[in-house]
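Let me begin by presenting the structure, written as C-alpha cells, before commenting on it.
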Amino acid sequence: MALSKATGALVALRPGRVVRPAAGPARAAVLVLHGGTADSRAPLRPWNMARARMLPFVRSVARALPEGGTFVGQVRYRYRGWNGVDADPVADVLRALDELAALVGEVPVVLVGHSMGGRAALRAAAAPQVRAVVALAPWCPEGEPVAHLRDKRVIVLHGDRDRITDPAESFALVRRALEAGASASAVRVEGGDHAMLRRARTWHRVTGATVADLVTRIGDGLDPLPAGRPGGEPDVL
C-alpha cells in the first residue's frame, strides 16, 4: 500500500506495524533498501528481483521488533541504477525520509540496505533522523565518504563468498568509519554469498535481531550498541 502519492518514494509493507501510542506518534521507523545496478535509467518494475529479495528480511525484522510503535517500510527507487555522481537511490531515500516525517512525525530511523541499497543507506545516514545503518553485503567502493557517519551506529554484514561486492572493501569502510568517529562494527558470514541465499536463516535471524535491538535501545532514548572488535576487525558467524 502506497502511503504517499503514486510518485512517492515510501511504501508501507506492513501497514499494521504503524502503531501510534495514545499520547504521541510512532516511536521509531525501519526503512528497507534493496539492491540495483551501477548504471541504469530503466524504471524499477514491481516484480524487480532485487526488491523481492528483501521481502523475507522485512518479515524477519517485523517479527523481531517489539510490539507497537514501529513503522516498517521500503524505499521505492525511480531507477534501477546508482548512476554515477547523481546517486539516484540516495535522493530517493531522502525523499522517503521526508515522506516518513510527514506521515508519522520526526522519529529516529534505522536503515537496512543490501548491495547498492547498503551504499545508499550509508550515504543517507547524513540525515539527522537516521541513527543507525545495517548494511548487508554493501557496495562500498574505495573512497566512499565516511565523515558524515560520526556518532552514527553502523553494522556491516558481508559473506566471504560474495563475488559481486567485495567484503574487504566493506570491512575497510568500517575501519575508516571508526576513525571518523562512528560506532561501527562488521560481521563476516562464513559461506555467505551476495544473494544471501547460502546460510539464509543466519542472515535473516541476525538482521532481525540486530534491528530489533537497535530500535529498542533508540526508542528508549539509549545510545546504540557500542562498536565491535578494536580496529574494526569483523566478528565471524
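The values are calculated or read from the model by the stated rules, or taken from the named source; none is laboratory data. As the structure is a prediction and not an experimental result, all values here were calculated from the model. Every residue, glycine as well, gets a Cβ built from its backbone with ideal geometry; the counts of neighbours run over all protein chains shown. Note: accessible area is taken over every heavy atom of the protein model, side chains too, but ligands, DNA and RNA are not part of it. Shrake-Rupley method; radii C 1.70, N 1.55, O 1.52, S 1.80 Å.
Peptide packing: for 117-128, 66-77, the average count of neighbouring Cβ atoms within 10 Å per residue gives the ranking 117-128, 66-77, highest mean first. The distance between label points at Ile164 and Ala87 comes to 2.2 nm (points 7 Å beyond Cα on the Cα→Cβ vector). For the pair Ala101 and Met49, what calculated FRET efficiency results from E = 1/(1 + (r/R0)^6), where r is the Cβ-Cβ distance and R0 = 22 Å, to the nearest 0.05? Working from the Cβ atoms, E equals 0.15. Relative protection proxy for 188-198, 168-178, from highest mean packing down: 168-178, 188-198 (other beta-carbon atoms within 10 angstrom).
Each peptide in 81-93, 139-151 was scored by the mean count of other Cβ atoms within 10 Å over its residues; highest first, the order is 81-93, 139-151. Excluding ligands, DNA and RNA, the accessible surface per residue across region 42-84 is 47 Å² with a 1.4 Å probe. For region 78-131 and region 159-192, compute the distance between their C-alpha centroids and round to whole Å. Distance between centres, Cα-based: 20 Å.
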